[in-house]
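Since the structure comes first, as structure tokens, the remarks are kept for the end.
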Amino acid sequence: MATGKNQSLAKMSPRQKMINLMYIVLTAMLALNVSNDVLNGFSQVEEGLKRSNRTITARNMQIMAQLQAFYNKDPKNGLPLLNSGNEVRNATDSLYFYIDSLKTMIVQAADGPKGNVDNIVNRDNLDAANVVMLSPDTRRGTALRLRINQFKNYMARFLDDPDKRRNLESALSTEPFKVKDDISNKTWEESLFENMPTIAAISLLTKLQNDVRFAEGEVLNHLLALTNADLSELKVNWINAFVIPQSRVVMRGSKYKSQIVLAAIDSTQRPIVYVNGTRLNNREGIYEVGTSRSGTFDYSGHIEVIGRDGQIYKRDFKSSYTVIDPIATVSATMMNVFYAGIDNPVEISVPGIGGGTVSATMTNGSLVKSGDHWVAHPTQVGTECVVTVTAEVDGIRTNVGSTSFKVRKLPDPTPYIAYRDAEGNTARYKGSRPFPKGTLLGASGIHAAIDDGLLNIEFQVVSFETIVFDSMGNAIPEVSSGSSFSERQKNAFRRLQRGKRFIITRIKARGPDGITREISPMEVIVN
């Protein structure tokens, strides 16, 4: 049989022998090649581990921020905890970034000097991890194992809880990984990196970084728990229940909220309370303050209590209260009036509710907020305006009331002549008393306005007529097509003697409501 095989081999051409040899080599390579599905699986695991590392890192940074905040509030007790936290952080970062450097070296051994850990090309390379981690010259795997053991022992010293210490030691264990039926005596690093595809070695190192961050978080959480450890130093012998309302003034339709708590104190020594820097002079901690004006007022302070160890412990507090005006409204129903065509100022407020959450609408016109007050502008005379007010109460928009207003036409204005008095101030002459002739001739014309103390509204004079009586008692009318005196009217004024009088009549004026009306006449007595 062997002779036959040898004869067959002898009869093969050199080309056939080369083909057979290449087939044998290809078969061997396929046997050594790792399934592409397996490589993809390791890539997915790697991405998941990196996301987990980012989450754990962010959580640990938040714990460090809380330790910093505790130090800012209580430097004496917070400094040792903050220093320990920074030491733990530095030790973790040192090991974490050392592992990062090993990952970079493995990828560059597989893909060349420009290899990128986030984009591995030769994921199935079986030599890179061996060369970097198991080389007898560098012994980086052994160095990593020693650094992990050193880090593990350092971190375990912070933990008093045996269960937490065991969890940390288990997560950072460097015992060799044993495969079933494998009797070889491999070291920890050999069991991880020997003949391991590049992507698998990178995933194992990322998982190790995850374990390192986990250990950091366990220790930082323990340090954070110590920020409240001083509470155990306080002695209490009296416990009672208290109801703390969110507000003692509740509007109909809103919710009443209160917090029910259990308070414990030491009746043999009452705490010292400081509010806005002033110590309270009563043992019960009652804070009283006068309320001379309405609004929301903030106050803050701290409580001091002596612990069993004789140390003074401080706890800060802050709160606020709202003062509202007495709720009593007296008004005449017939006085709920708006005037059409003008801006009517309106005051809208809801006791106990901030003005920023109050809104209002109006029928038959517009209602606009202007600064701290509102302006209503009704349109149609004879139709009521209904103002509806809503406010945000406990986050819910609530209707808190409606008020109706009658809408009337503006009353007629009063005509007047504007002039300057002896002090240079603007004055109004409304007739029926002597008026200096020189002042009359210096006036430009007549005006009209409502200025009865409630309203102050100017009207535009459209036209008017003056009636001057001559020496024979004849009435001489002169018409002006605007608000100014015509030259003929002024000439008639110049001819008037002292004590004479004339009438300004047929005065037509247009108001801001757009209505032109004829108003009452005006008698002028020349002085």
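At-a-glance table
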item: Pick from the stretch 270-291, criterion among the hydroxyl-bearing types (Ser, Thr, Tyr) and assigned to a strand (DSSP E or B), ranking: surrounded by the fewest Cβ atoms within 10 Å (Cβ to Cβ); result: 278
item: Condition met for residue 463 (in the same structural domain as residue 447 (by TED's automatic domain parsing), within 30 Å of residue 341 (Cα to Cα), surrounded by 15 or more Cβ atoms within 10 Å (Cβ to Cβ) and touching a helix residue (DSSP H, G or I) at 6+ places or on another chain (Cβ under 8 Å)); result: no
item: Condition met for residue 160 (over 30 Å from residue 224 (Cβ atoms), exposed (fewer than 15 other Cβ atoms within 10 Å of the Cβ) and out of contact with any Pro (no Cβ under 9 Å at 6 or more places or on another chain)); result: no
item: Of all residues making up the stretch 106-116, the number that are under 26 Å from residue 212 (Cα atoms) and surrounded by fewer than 18 Cβ atoms within 10 Å (Cβ to Cβ); result: 2
item: Yes/no for residue 114 being in the same structural domain as residue 212 (by TED's automatic domain parsing), over 41 Å from the mean Cα position of the chain (by Cα) and modelled with pLDDT of 85 or more; result: yes
item: Sole residue being assigned to a helix (DSSP H, G or I), hydrophobic (A, V, I, L, M, F, W, C) and more than 30 Å from residue 166 (Cβ to Cβ), chosen from 88, 131, 121; result: 131
item: Strands (runs of 3 or more DSSP E) enclosed by the stretch 339-394 - at least 2 residues per element that are polar (S, T, N, Q); result: 358-362, 365-370, 385-393
item: Sole residue being surrounded by 11 or more Cβ atoms within 10 Å (Cβ to Cβ) and at pLDDT below 80, chosen from 319, 294, 331, 267; result: 294
item: Unique match (being part of a helix (DSSP H, G or I), of a type outside the set (Gly, Ala, Ser), modelled with pLDDT of 55 or more and farther than 30 Å from residue 201 by Cβ) among 53, 20, 83; result: 83
item: Which numbered condition residue 89 fails, given (1) in contact (Cβ under 8 Å) with a residue 40 or more places away in the chain; (2) farther than 30 Å from residue 224 by Cβ; (3) of a type in the set (Lys, Arg); result: (2)
item: Tabulated pairs, the stretch 328-345, first on the phi > 0 side of the Ramachandran plot, second assigned to a loop (DSSP other than H, G, I, E, B) and at pLDDT 80 or above, C-beta under 6 angstrom, 6+ apart or interchain; result: 341/512; 341/513
item: Residue match in the stretch 468-486 (condition: in contact (Cβ under 8 Å) with a residue 60 or more places away in the chain, of a type outside the set (Val, Ile, Thr), assigned by TED's automatic domain parsing to the domain that holds residue 419 and in contact with a strand residue (DSSP E or B) (Cβ under 7 Å, 6 or more places away or on another chain)); result: no
item: Residue match in the stretch 171-190 (condition: part of a loop (DSSP other than H, G, I, E, B), under 24 Å from residue 64 (Cα atoms) and either modelled with pLDDT under 90 or in the same structural domain as residue 92 (by TED's automatic domain parsing) (or both)); result: yes
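One line per residue, one yes/no per condition, for (1) under 24 Å from residue 203 (Cα atoms); (2) not hydrophobic (A, V, I, L, M, F, W, C):
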position	(1), (2)
70	no, no
78	no, yes
93	yes, yes
96	yes, yes
105	yes, no
108	yes, yes
112	yes, yes
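The values are calculated or read from the model by the stated rules, or taken from the named source; none is laboratory data. Note that the structure is a prediction, hence the values are computed from the model and not measured. Neighbour counts run over all protein chains shown; Cβ positions are idealised from the backbone, glycine included.
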